[in-house]
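The values are calculated or read from the model by the stated rules, or taken from the named source; none is laboratory data. Note that the coordinates shown come from a computational prediction; the quantities given were computed from them, not determined experimentally. Ideal geometry is used to build each Cβ from the backbone, glycine not excepted, and the neighbour counts take in all protein chains shown.
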Amino acid sequence: IDQNVGQLLEQLDRWQIANDTLVLFMNDNGSAIGAQHFNAGMRGAKGSAWLGGTRANAFWRWPGRIKPGHCDALTAHVDLFPTLAKIGQATLSPAAQAQIQGRDLSPRLSDPNHPWDDRTLVTHVGRWPKGTDPNEFQYRQAAIRNSRYTLVSPGGGREPAWELFD
């Protein structure tokens with residue numbers, strides 16, 4: 001992956017379109033279930049509500065428009081649409097705007113230290129065995145987190161089995 005991304009970036013430079021091209025590289029969240037891969041020391045794996053199963057990276061490159069930097073703000077996949085709509089100067093209808101649950105990341109892309117209000121994100125592994133009652137798995141692998149606390153229900157079912165972490 002590193003080699004191919006490098007080749008892509010070099011080609012954009014050769015074509016002299018790097019400054020006009022936003023490159024966004026993201027990984028999937030967590031390693032495969034049961035796979036023994038480096039997980040950066042995070043608890044859990046793919047299919048879990050722990051950071052090892054939900055956390056992912058995003059690398060954004062747009063020379064001259066995005067400053068190099070590290071942003072550790074609590075963000076999520078729901079932030080991609082409003083960010084790309086803003087960058088692309090898309091006109092969204094009021095109905096589309098009302099459905100957006102994410103935040104525009106572009107201020108943080110311009111300045112990694114731009115103020116970012118804390119938020120609460122909810123994740124849930126929405127899988128259950130075929131033919132079973134989904135309510136029996138309502139609180140299984142669910143998490144609620146903000147920048148400080150994580151509330152996880154790894155083994156819940158119809159009722160939660162919450163564990164709180166600071």
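Just wondering, is there one or more residues in region 69-82 that are exposed (fewer than 10 other Cβ atoms within 10 Å of the Cβ), over 30 Å from His124 (Cα atoms) and in contact (Cβ under 8 Å) with a residue 12 or more places away in the chain?
Kept after step one, since they are exposed (fewer than 10 other Cβ atoms within 10 Å of the Cβ), are these residues of region 69-82: 70, 72.
Add one more test, that the residue is over 30 Å from His124 (Cα atoms), and what stays is none.
Within region 69-82 (the criterion being exposed (fewer than 10 other Cβ atoms within 10 Å of the Cβ), over 30 Å from His124 (Cα atoms) and in contact (Cβ under 8 Å) with a residue 12 or more places away in the chain), the answer is no, since none of the residues qualifies.
Of all the residues in region 122-156, those that are surrounded by fewer than 17 Cβ atoms within 10 Å (Cβ to Cβ), β-branched (Val, Ile, Thr) and part of a strand (DSSP E or B) number 1. Apart from one condition, Asn39 fits all of (1) closer than 26 Å to Val152 by Cβ; (2) of a type outside the set (Gly, Ala, Ser); (3) surrounded by fewer than 16 Cβ atoms within 10 Å (Cβ to Cβ); the exception is (3). Are any of the residues in region 68-87 farther than 30 Å from Arg158 by Cα, of a type in the set (Phe, Trp, Tyr) and outside any loop (DSSP other than H, G, I, E, B)? Within region 68-87 (the criterion being farther than 30 Å from Arg158 by Cα, of a type in the set (Phe, Trp, Tyr) and outside any loop (DSSP other than H, G, I, E, B)), the answer is yes, since at least one residue qualifies.
Against the definition (within 26 Å of Asp20 (Cβ to Cβ) and surrounded by 12 or more Cβ atoms within 10 Å (Cβ to Cβ)), how does Ala85 come out, yes or no? For Ala85, the condition - within 26 Å of Asp20 (Cβ to Cβ) and surrounded by 12 or more Cβ atoms within 10 Å (Cβ to Cβ) - is met.
Residues are listed down the side, and each one gets a yes or a no for (1) touching a strand residue (DSSP E or B) at 6+ places or on another chain (Cβ under 9 Å); (2) on the phi > 0 side of the Ramachandran plot; (3) among the acidic types (Asp, Glu):
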position	(1), (2), (3)
His70	no, no, no
Val122	yes, no, no
Gln141	yes, yes, no
Leu164	yes, no, no
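Within region 8-24, is there a residue that is over 30 Å from Ala142 (Cβ atoms) and either in a strand (DSSP E or B) or within 15 Å of the chain's Cα centre (by Cα) (or both)? Taking every residue of region 8-24 in turn, at least one turns out to be over 30 Å from Ala142 (Cβ atoms) and either in a strand (DSSP E or B) or within 15 Å of the chain's Cα centre (by Cα) (or both).
Residue by residue, here is whether (1) modelled with pLDDT under 95; (2) under 15 Å from Leu24 (Cβ atoms) holds:
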| residue | (1), (2) |
| --- | --- |
| Trp60 | yes, yes |
| Arg65 | yes, yes |
| Gly69 | yes, no |
| His77 | yes, yes |
| Pro82 | no, yes |
| Ser93 | no, no |
| Ala98 | no, no |
| Ser106 | yes, yes |
| Leu109 | yes, yes |
